[in-house]
Structures are given as structure tokens and as C-alpha cells.
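A.B. asks: Have a look at this one.
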Amino acid sequence: MSSLNDLKRKDLFQSKGYINGSWVDSSSSKTFDVVNPANLDRLATLPEMGASDCDKAVAAAHEAFKTYKKTSARERARLMRKWNDLVIANADDLALILMLENGKTLAEAKGEVLYGASFLEWFAGEAERIHGEYVPPANLNQRIITMRQPIGVAACMTPWNFPIAMITRKAGAALAAGCTTVWKPAGETPLSALAQAVLAQEAGFPKGAINVVTTLNNVAEVGKAICEDKRVKKMSFTGSTRVGKLLASQCANSLTKLTLELGGNSPFIVFDDAKLDSAVEAAIMAKFRNSGQTCVTANRIFVQKGIYDKFAEALTERIRKLKVGAGWEKDVFVGPLTHDRAVEKAMSHINDAKKHGGQVVLGGSPLERQKGYFIQPTVITHMNREMLTTREETFAPVVGLYEFDSEEQVLDWANDCDVGLGSFIQTENIARMWRVSEALEVGMVGVNLGLLSASESQFGGVKESGYGTEGGRHGIEEYLVWKSILINVAN
Ligand code: SIN
């Protein structure tokens with residue numbers, strides 16, 4: 001399975017935008033190409049949409065909201081379950097599309113499809129748990145209740161690293177809440193979102209409830225148009241802190257409610273008392289998932305003095321065995337990066353670490369292949385806090401190992417950064433587990449594991465990693481508003 005020709009359902013490959021129930025070109029007739037990062041083959045040519053196309057998408061969602069908001073929670077739950085079932089039934093095809101446009105391995109792509117579906121199942125349940133309150137009145141001549149209502153048109157701006165799961169985490173919550181949606185997938189990976197739109201439509205969501213605006217080069221124009229459009233009441237964005245701040249400033253005038261899941265710089269802390277083998281496996285998961293391109297990737301691996309050498313050696317040997325290649329090749333564990341800028345950034349971080357005394361003990365260069373955005377899995381020891389990776393996400397399979405002395409010191413280092421999304425600790429000491437989990441300035445802590453993702457658990461950060469939360473019990477609240485009703489019951 002290495003080409004779109006291998007799809008069982010050919011209609012899951014779409015190469016147009018989707019507005020008001022129709023597959024459409026851009027109003028300018030401009031296009032852009034989607035490229036397979038493993039061999040640079042062109043996969044598709046898509047409409048380069050702009051502000052005027054966005055206006056049409058928002059108008060369709062705005063119109064559809066007038067009736068969709070009146071559907072019962074039970075009805076929406078059924079639609080969500082149907083969509084979930086269709087995703088699972090077509091998981092192989094969705095995984096193929098995802099692998100081809102993003103570069104992740106087929107096994108990982110399949111994992112993302114199922115992870116993505118889990119948000120649909122989760123929010124199908126949540127749709128029927130949107131409860132209000134009876135408020136005990138101070139004035140006995142009154143009765144007070146509160147209810148929750150869908151906020152309105154929701155824009156879902158999704159990244160290229162999880163093109164399926166980020167659609168379902170955002171649009172799944174929005175549609176379950178009773179909102180209609182405009183999706184703006186990343187220009188590098190729009191095909192997964194378009195395939196999801198096919199399945200959602202088949203599940204029975206009404207015309208206009210789902211619209212997909214495709215763009216690569218007009219992303220700033222489209223983002224601004226969405227933020228400033230007063231018909232859009234909610235925007236959920238996953239991406240960089242730089243763009244998140246820009247969107248927040250553009251939403252200031254319309255006061256559009258925002259959920260921002262932005263960059264991280266996750267500390268991965270291995271204490272002397274950790275179990276070596278499981279700490280190594282957790283590091284592999286936390287660092288190599290999606291070739292290091294996750295917002296919660298282990299970016300700063302802090303290892304306590306007493307275990308540093310043993311851990312560095314065991315981890316390096318484990319990484320040495322990881323096979324790198326195209327996602328469809330046998331036994332491949334690490335795929336290409338999704339675009340060329342990622343290779344440049346990783347190389348600049350490696351070179352910077354070398355300049356500041358880092359020792360590259362494995363890898364350290366782009367992979368020699370004819371084509372594709374590949375980089376060798378890299379391990380650097382003797383990391384120090386002067387280095388760029390201390391402050392910036394590397395977003396590549398590059399492992400930097402810092403040595404620390406004490407719990408106090410590592411907490412200082414871990415918290416000394418502007419962002420706070422994920423974090424990981426490896427320890428067998430339960431008291432330390434509590435102390436460190438509470439002290440880390442982050443939105444999520446993984447203890448003795450390397451994966452933070454679960455549809456039933458909130459996903460979000462603090463500091464410049466953004467605000468609002470996704471998934472879990474609170475994910476749907478981002479798409480709801482409160483309304484109180486005060487009733488005079490006096491005779
Ligand atoms: C992300 O990298 O933004 C999402 C990762 C996840 O949901 O596990």
C-alpha cells in the first residue's frame with residue numbers, strides 16, 4: 001500500500017474544497033500541490049482558497065446553524081456514532097491517505113485514525129451530558145435555572161502533524177455541542193480532512209454543518225478572515241505559539257472565543273530510581289511518535305547523575321536499531337519529516353548543540369536517500385542550557401540528554417521556559433511522583449509512560465502553550481455558552 005490507487009474506496013480521495021455540501025474550486029481558480037514527504041511525488045492539486053471562499057464557507061455554516069442548533073442531543077449523538085463507525089470501517093483507507101501526505105508509518109497512521117475515532121465516540125456520549133443547573137434562589141419569589149447552548153459557527157484550524165485526530169478532537173466536540181463548522185486543515189495535509197468530510201457527510205450531518213477551506217499559501221489571509229468574521233463565534237487552533245498570538249490579536253475585535261493548543265517544550269525527567277528499561281521505552285514513545293513531530297514530544301530529556309551514563313547508552317542502542325524509511329516500507333519505525341523546513345530546523349539545532357559542547361553519539365545528519373525529508377535519528381549528550389533546544393521545540397527525531405543533580409534543580413530547569421504543555425517523569429518513588437507532578441508548570445504530566453493522549457482526558461497547556469482545553473469532560477464546554485433564566489413565581 002504505497003499509493004492513492006490502493007484505496008479501497010476511491011471517493012475518499014477528494015481534491016476540491018467542500019462548501020455547503022458541494023465539492024468546489026477556489027474563486028481565483030488558483031491551486032497548490034500536496035506532496036508525499038517520503039519521495040516528493042505530487043499526491044494531489046487542490047484549490048488555493050482565499051478570503052472570499054472563506055466567506056462562502058462561513059455563510060453556509062451560519063445558515064445551517066439556524067436549524068442544526070435545534071437538533072436533539074440524542075440525534076447528534078447518533079450522528080456522531082455513525083461517523084465514528086464509518087471512520088473505523090474505513091480505517092485502512094484513511095491511514096493510507098494520512099501516511100502518504102504526512103509521512104508517518106502505516107502502523108502509526110492507523111493508530112491515529114483509531115485515536116481520532118475515539119474523540120467521535122467520546123463526544124457522542126458527551127452530547128447527551130450537556131447539563132444545566134437549578135440554582136437555589138435568594139429571593140423566594142424567583143426560580144432560576146441555567147442552560148447551555150451551542151455557541152454558533154466554530155472554525156477548526158488543524159495542524160499537519162495529526163491531520164485526522166485534530167479534526168475529530170475539535171469538530172467532534174463542536175458538532176456534538178450543536179455548532180456548525182468550518183475546517184481549515186494545514187496545507188501540507190488537507191487530504192485526510194477531506195476524507196473525513198466525506199464520511200461525516202455520509203453519517204448524515206446536514207448540508208452546511210461541515211465546510212472545508214483548503215489553502216497552503218493564503219493561510220494568513222484565511223486565518224484573518226475567519227478571526228474577523230463576526231458570524232464565527234468560536235475558533236480552535238492547534239499550531240505554533242507565534243501564530244496563536246497573531247490569531248488572538250485578530251480575534252480581539254470580534255471577541256471570538258478561542259481555544260489555543262500551541263507549542264510545547266516538554267521536559268522528560270528520568271530520576272535515579274526509575275526502571276531503566278521502561279524509562280527507555282517511554283522515551284522512545286515520547287520522542288519518536290510521528291518522527292518527533294508532536295506538540296508534546298520529549299524535547300528536553302533530563303537524566304539524573306546516577307543513571308545518566310547507563311540511560312544514555314541503553315537509549316542510544318535502542319535508537320540505533322530503529323529503521324528509518326518511507327511509511328509503507330517493512331519494519332520502518334521512523335518516517336520522514338513532513339516538510340523541508342523541519343529538516344533545516346533540526347539541522348540548525350544539532351549544529352547549535354555541537355557549537356555549545358554537545359556530543360553527537362548517533363546520527364547528526366540528513367539521511368542519505370535519493371528523495372524525501374529524512375533525518376537520521378540523532379542522540380546528543382552533554383547538553384547544556386545555552387543550547388537552542390533548551391528554549392525551542394526541535395520537532396524532529398533528535399534526542400538531547402541533559403544531566404542534573406537534584407529534584408530541586410531539575411524542577412527549576414524544567415519550569416524555566418515560556419511554554420507549558422506536556423511533561424514526563426520516570427520514577428518509582430511515589431512521594432516524588434506527587435511532588436514533581438504538582439510542581440511542574442504544564443498542562444499534562446505523564447508518569448512512567450511516554451504517551452499523554454486519551455480522548456477522555458483533557459489536552460491543553462498553560463503559559464504560552466495556550467488556553468482552553470480539548471477532549472475530556474471539558475472539551476465540549478469550549479463550544480457552549482451559558483444562559484440563565486430567572487422566573488417570577490410570586491402570586
Ligand atoms: C499534538 O501534537 O498537538 C497532538 C498530540 C496528541 O494529541 O497526542
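The values are calculated or read from the model by the stated rules, or taken from the named source; none is laboratory data. Remember, predicted model here, so these are calculated numbers, not experimental data. Because the Cβ atoms are built from the backbone with ideal geometry, glycine has one as well, and the counts that use them run over all protein chains shown. Ligands, DNA and RNA are stripped out before the accessible areas are found, and what is left, the full protein with its side chains, is counted by its heavy atoms. Shrake-Rupley method; radii C 1.70, N 1.55, O 1.52, S 1.80 Å.
A.B. asks: Based on DSSP, what percent of beta bridges with both residues in the chain are antiparallel, to the nearest 5?
C.D. replies: 45 percent
A.B. asks: Which value in Å does the Kirkwood hydrodynamic radius of the stretch 221-290 take, with 1/r averaged over all unlike C-alpha pairs and then inverted?
C.D. replies: Hydrodynamic radius (Kirkwood, Cα only) of the stretch 221-290 equals 14.8 Å.
A.B. asks: When Lys and Arg each count +1 and Asp and Glu each count -1, what net charge do the other residues less than 12 Å away from residue 85, Cβ to Cβ, add up to?
C.D. replies: Every neighbour counted, the sum reads +1.
A.B. asks: How large a share of the accessible area of the chain, in percent, is made up of carbon and sulfur atoms when the probe is 1.4 Å and the other protein chains stay in place?
C.D. replies: For the chain, the apolar C and S fraction of the accessible surface comes to 51 percent.
A.B. asks: Round to a whole angstrom and tell me the spacing of the C-alpha centers of the stretch 172-209 and the stretch 4-44.
C.D. replies: So the two Cα centres are separated by 15 Å.
A.B. asks: List, in order, the whole-Hz ³J(HN,Hα) value for each residue of the stretch 380-397 obtained from phi through the Karplus relation with A = 6.51, B = -1.76, C = 1.60 and θ = phi - 60°; use x for Gly and Pro.
C.D. replies: 10, 9, 6, 5, 9, 7, 6, 7, 4, 5, 5, 10, 10, 5, 7, 6, 6, x
A.B. asks: Which of rounded, prolate or oblate describes the chain when judged by the alpha-carbon gyration tensor and an a/c cut-off of 1.5?
C.D. replies: Verdict is oblate for the chain.
A.B. asks: If you stretched the chain out fully between residue 277 and residue 309, how much longer would it get, using 0.36 nm times the residue separation minus the C-alpha to C-alpha distance?
C.D. replies: Length difference between fully extended and current span is 10.2 nm.
A.B. asks: Give me the accessible area per residue for the chain, probe 1.4 Å, as a whole number in Å².
C.D. replies: Computed with neighbouring chains in place, this is 40 Å² per residue.
A.B. asks: OK, next. Using a 1.4 Å probe on the protein heavy atoms only, what accessible surface does residue 66 show? Give it in Å² to the nearest 10.
C.D. replies: Counting only protein heavy atoms, residue 66 exposes about 100 Å² to solvent.
A.B. asks: Considering only the other residues whose Cβ falls under 12 Å of the Cβ of residue 484, what net charge follows from Lys and Arg at +1 and Asp and Glu at -1?
C.D. replies: +2
A.B. asks: So, one more: Please compute the length gained on full extension between residue 27 and residue 473, using 0.36 nm multiplied by the number of residues separating them and subtracting their Cα-Cα distance.
C.D. replies: Once the chain is fully extended between residue 27 and residue 473, it gains 156.6 nm.
A.B. asks: Given points 7 Å out from each Cα along the Cα-Cβ axis, report the residue 368 to residue 128 separation in nanometres with one decimal.
C.D. replies: 6.1 nm
A.B. asks: Among the lysines, which have Cα under 23 Å from the Cα of residue 8 when same-chain residues fewer than 8 positions away are ignored?
C.D. replies: 16, 82, 104, 110, 330
A.B. asks: Roughly how large, in nm² to one decimal, is the mean projection of the convex hull of the alpha-carbon atoms in the stretch 266-455?
C.D. replies: If you wrap the Cα atoms of the stretch 266-455 in a convex hull and average its projections, you get 10.5 nm².
A.B. asks: What's the local net charge at residue 111, with K and R +1, D and E -1, over the other residues with C-beta under 13 Å away?
C.D. replies: Its environment carries a net charge of 0.
A.B. asks: Just want the answer: with Cβ charges of +1 for Lys and Arg and -1 for Asp and Glu, which residue in 159, 120, 237 is farthest toward the dipole's positive end in the stretch 117-255?
C.D. replies: Positive-end residue among those listed: 237.
A.B. asks: For the chain, what does the helix formula give at 222 nm: sum of -39500 (n - 2.57) over DSSP H segments with n ≥ 4, over the residue count, nearest 500 deg cm²/dmol?
C.D. replies: -11500 deg cm²/dmol
A.B. asks: Report, in listed order, any pair from 56/257; 56/230; 66/170; 56/224; 245/287 with a Cα-Cα distance greater than 18 Å.
C.D. replies: 56/257; 66/170; 245/287
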